[in-house]
Amino acid sequence: MPANQLPQVNAKLDRVRDYCRQYPDSPHSESAEDLGYDLEHKRNYLREYNSEFGLRKILRAGTPHQEAVQQRLKELEARELSPLSPPLSRRRLLLFIGLPILILGLWGLKEIVSPTTKEPVAVVEEEQLESVSDSLAVQDTTSQDPPVVASDTGSTTNSYKPLIKPSPPSPGPPDNFVRIEGGTFEMGDPFKKGKKNEGESDEIPVHLVELSPFYLSRTEVTFAEYDAFCEATERFKPTDVFNRRDKYPVTDVSWCDAVAYANWLSEERGLEKVYGDEECNNIRVDWSANGYRLPTEAEWEFAARERGQPIRFGNGKNHAYATEINYDARARHKYDYAQPGEYRQETLHVDELTPNSLGLYHMSGNVREWCWDWYKGDYYESRSSSGKNPKGPTSVIERVRSGRGGAYSDAATNVRCTMRYSAPPDTHRDKLVGFRLARSAE
């Protein structure tokens with residue numbers, strides 16, 4: 001594939017995006033969106049073709065154009081740095097890691113040759129404390145108990161302070177996380193429309209589930225957070241179809257990408273990895289680990305419904321308004337529980353609009369969110385779907401993972417708390433799909 005096609009693809013992609021934004025109700029808008037998605041993937045491939053990292057990735061995966069790719073790789077290696085290579089080249093990475101190690105090594109050598117003398121600060125403090133204790137003990141020489149003195153309020157307090165380091169307080173929720181207290185709830189669609197359930201067939205029957213406490217992120221993972229992971233691991237950054245990143249929810253990531261991010265973040269913060277390093281479709285999981293992970297479907301629904309209450313939407317309400325949920329609220333989507341309103345056609349900041357009573361943002365709308373579970377349409381009919389901390393079916397015919405929450409382009413019925421999605425874990429990357437993280441609290 002010629003390397004000079006990248007500007008042409010970018011220009012064509014911009015024209016398609018402009019058309020979709022100017023004519024959202026056009027009968028050709030859906031096919032234009034599909035064309036735009038194809039162009040995004042073509043652009044990603046061209047970016048790989050224009051960087052050493054991407055070309056090596058193509059060679060490892062195998063290609064019929066082996067000689068052409070190798071020739072292109074030699075051309076890029078002749079340059080000092082490819083213009084589209086990952087932000088951290090090998091040379092910079094060695095400098096970034098090696099320089100601190102060299103400094104620490106020199107400091108250690110200095111300590112060995114001439115060790116620094118330390119002042120006996122602890123001894124002086126201990127002597128002072130002993131003298132204070134002796135002076136207080138004069139008040140009651142006949143008692144073996146510590147002396148008691150009167151406070152300003154008239155109550156008595158113990159003045160003796162033993163030299164014991166206090167135990168650290170129990171850890172609170174991690175940054176930007178909410179502790180969700182465990183409990184029992186009826187999982188599945190609780191709303192009826194006549195004699196039938198309001199939702200889809202995979203949302204019933206309603207079944208009893210018990211959950212242990214867990215932590216859940218207040219917001220979806222942002223582009224800024226995920227881009228840091230890509231830079232640290234020399235991955236290509238996912239496409240942002242709206243040309244914004246920062247505090248917007250990351251999209252165009254697969255289930256496998258989300259799991260890799262969770263493991264990386266656990267290592268960065270000194271926590272135990274929840275997931276193994278096996279091939280994504282056969283990955284092992286350690287539920288006792290304290291690191292970051294994806295929520296199970298049961299955990300996600302429990303939190304979206306404010307600890308399992310009979311609530312239709314993830315903002316804690318049973319009626320949808322476009323001012324409160326980012327979804328397709330156009331009048332052509334008619335539901336008794338949705339008010340016609342604005343269709344934004346794009347994502348919002350992860351902490352925009354109103355959270356539910358637990359402090360969780362966008363549990364309905366904005367982007368769909370990956371969950372841990374394998375998806376099975378009739379799973380709720382099985383005995384394993386009930387009980388304590390269900391984690392989804394263990395064997396499935398179709399290898400797809402579950403998603404929840406709905407996206408900015410979904411109608412009101414598709415952003416309900418009990419609505420379920422499914423997609424292949426390793427190949428499905430979409431402008432509508434992101435994720436948020438969880439952690440075990442026990």
List every residue whose amide H lies under 5 Å from the amide H of Y292, counting only residues 5 or more places away in sequence or on a different chain, with H placed 1.01 Å from N in the peptide plane.
S266, V274
1/(1 + (r/R0)^6) with r = Cβ-Cβ of D18 and I103, R0 = 60 Å, i.e. FRET efficiency to nearest 0.05, evaluates to 0.70
For N326, list long-range residues whose amide hydrogen, built 1.01 Å from N in the peptide plane, is under 5 Å from its own amide hydrogen.
N366
Could you list, in their original order, any pairs among K247/K273; K195/K431; K196/K431; K192/K334 whose Cα atoms are separated by more than 28 Å?
K195/K431; K196/K431
What list of ³J(HN,Hα) values in whole Hz, one per residue of segment 376-382 in order, does the Karplus curve 6.51 cos²θ - 1.76 cosθ + 1.60 (θ = phi - 60°) give from phi, with Gly and Pro shown as x?
8, x, 9, 4, 5, 7, 8
So how do 310-317, 347-354 stack up, highest first, on mean other-Cβ count within 10 Å?
310-317, 347-354
Mind listing the phi-derived Karplus ³J(HN,Hα) values for segment 273-289, rounded to whole Hz, using 6.51, -1.76 and 1.60 with θ = phi - 60°, and x for any glycine or proline?
6, 7, 9, x, 9, 6, 4, 4, 6, 10, 6, 8, 9, 10, 5, 7, 5
Hey, can you grab everything whose amide H is under 5 Å from the amide H of F177? Only 5+ residues off in sequence or another chain; H modelled, so Pro and N-termini drop out.
R218
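Coordinate-derived values only; no laboratory data. Just so it is clear, the structure is predicted and the values come from calculations on it, not from any experiment. Every residue, glycine among them, receives a Cβ derived from its backbone with ideal geometry; neighbour counts consider all protein chains shown.
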